[in-house]
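Report on the structure given below.
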Amino acid sequence: MQLTDKVSIITGAAGGIGFGIAKRFVAAGGKVAIADINMDAARKAAAEFGEDRAMAVEMDVTSEAAVNAGVKAVADRWGRIDVLVSNAGVQIVHPVEQFPFDAWKKMLAIHLDGAFLTSRAVLPYMYEQGSGSIIFQGSVHSKLASALKAPYVTAKHGLLGLARVIAKEGGEKGVRANVICPGFVRTPLVDKQIPEQAENLGISEEEVVNDIMLGGTVTKEFTTIEDVAEIALLFAAFPSAALTGQSLLVSHGWCME
């Protein structure tokens, strides 16, 4: 599938999964806006693709003003917005009874408010041109629960609902909305969780990896950034509204449905 000259905004794209998706989209002929709260990192990432294919956008996805300004900057430069990948995310782990309320609010703001604000900002452009694809970075935790991750699981479940509403509202206007649901991908975000979960659960880091992260998979393998990027391309480039309001698990069989 190709994205020839299609314009995508990818949040949290200065590194990790977001950067991998940007790389795949550029390889498919697209143009990408690397939207990230770290502008220096965003510029560095965009420079790898060249200024004709990428631009850096400073964006705190929890800020209405920052999101609106960033989306406008992309539209002003390239004249259209074809794809949004709402990918920005963080992870904080605690048992529910010990979870700081500020941390809970931060998690929901980045994952859910960010998806809402970026979607709301791009939809007028997509509706005007009569086409568009919105992709949320969900998780297996959009379907299942794990200990210590109350706000993460709550937010990832919520993305399914938001995507389905956008799919309903946007269908006749040519806009699709879908959710990618990866298993554990070996990024710095996941690496940070390993010692934290080991401490909270009183087990070894090896047990966290083998039993908790990979224990439910059929191959005992991490999902890769490339795996996720291929699904993002599928959702972005799919040629009809037959694929909308859906979620796709990419988890080596950890969750099946």
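Points worth noting:
- The range 1-80: radius of gyration over Cα atoms, expressed as a fraction of 2.2 N^0.38 Å: 0.98
- Using a cutoff of 8 angstrom between alpha carbon atoms and counting only pairs six or more residues apart, the relative contact order for the range 1-125 works out to 26 percent.
- Result for the chain in a Gaussian network model with C-alpha springs under 10 Å: among Gly70, Gly161, Gly15, the largest mean-square fluctuation is at Gly161.
- Here the chain has 53 percent of its accessible surface on carbon and sulfur atoms, given a 1.4 Å probe and all protein chains in place.
- Under 5 Å, built H, 5+ apart or other chain: amide partners of Ala88: Thr11, Gly12
- Once backbone amide H atoms are built at 1.01 Å from N, Trp254 has Val218 as its partners under 5 Å, excluding neighbours fewer than 5 places away on the same chain.
- Reachable aspartates and glutamates from Lys44, criterion Cα separation under 17 angstrom, eight or more residues apart if same chain: Asp36, Asp52, Glu58
- Members of Lys105/Lys156; Lys143/Lys220; Lys23/Lys106 lying beyond 24 Å, as alpha-carbon distances in this model show: Lys23/Lys106
- Taking Val165, Val85, Val140 in turn, the Gaussian network model of the chain (Cα-Cα springs below 10 Å) assigns the largest fluctuation to Val165.
- The heavy atoms of Arg120 offer some 100 square angstrom of accessible surface to a 1.4 angstrom probe.
- Karplus-based coupling profile of the range 22-39, in residue order and whole Hz: 4, 4, 5, 5, 5, 4, 8, x, x, 10, 10, 9, 7, 9, 7, 6, 9, 5, with θ = phi - 60° in 6.51 cos²θ - 1.76 cosθ + 1.60 and x standing for Gly or Pro.
- Helical runs (DSSP H, four residues minimum) scored at -39500 (n - 2.57) apiece and divided by the length of the chain put the mean residue ellipticity at 222 nm at -13500 deg cm²/dmol.
- Nearest-10 value in Å² for the accessible area of Lys106, using the 1.4 Å probe: 110
- When all protein chains stay in place and ligands, DNA and RNA are ignored, the 1.4 Å accessible-area order of Tyr127, Tyr152, largest first, is Tyr127, Tyr152.
- Global form of the range 159-239, assessed from the alpha-carbon gyration tensor, a/c cut-off 1.5: prolate
- Taking 18 Å as the straight-line reach from the Cα of Lys173, the aspartates and glutamates in range (excluding those fewer than 8 positions away in the same chain) are Asp82, Glu128.
- Area accessible to solvent at Lys105, 1.4 Å probe radius, in Å²: 100
- Gyration tensor verdict on the chain (Cα atoms; rounded if a/c is under 1.5, prolate if a/b is larger than b/c, oblate otherwise): prolate
- Between Ala54 and Val32, the built amide H atoms are under 5 Å apart, and every one of these is 5 or more places off in sequence or on another chain.
- Zero-based 10 Å bins, Cα pair distances in the range 87-202, whole percents: 13, 41, 28, 13, 4, 0
- The HN-Hα couplings worked out from phi for the range 52-69 by the Karplus form 6.51 cos²θ - 1.76 cosθ + 1.60 (θ = phi - 60°) are 7, 10, 8, 9, 9, 10, 7, 8, 8, 5, 8, 9, 4, 5, 5, 5, 4, 5 Hz, whole numbers, x standing for Gly and Pro.
- Remark: the range 207-217, residue by residue, has Karplus-estimated 3J(HN,Hα) of 5, 4, 5, 6, 9, 8, 6, 10, x, x, 7 Hz, where x stands for each Gly or Pro and the curve is 6.51 cos²θ - 1.76 cosθ + 1.60 at θ = phi - 60°.
- Springs between Cα atoms under 10 Å define the GNM used for the chain, and in it the highest mean-square fluctuation of Ala75, Ala14, Ala33 occurs at Ala75.
- Cα centroid separation - the range 123-150 against the range 186-245, whole Å: 16
The values are calculated or read from the model by the stated rules, or taken from the named source; none is laboratory data. Values in this document were obtained by computation on a predicted structure and should not be read as measured data. Only protein heavy atoms, including side chains, enter the accessible area calculation; ligands, DNA and RNA are left aside. Shrake-Rupley method; radii C 1.70, N 1.55, O 1.52, S 1.80 Å.
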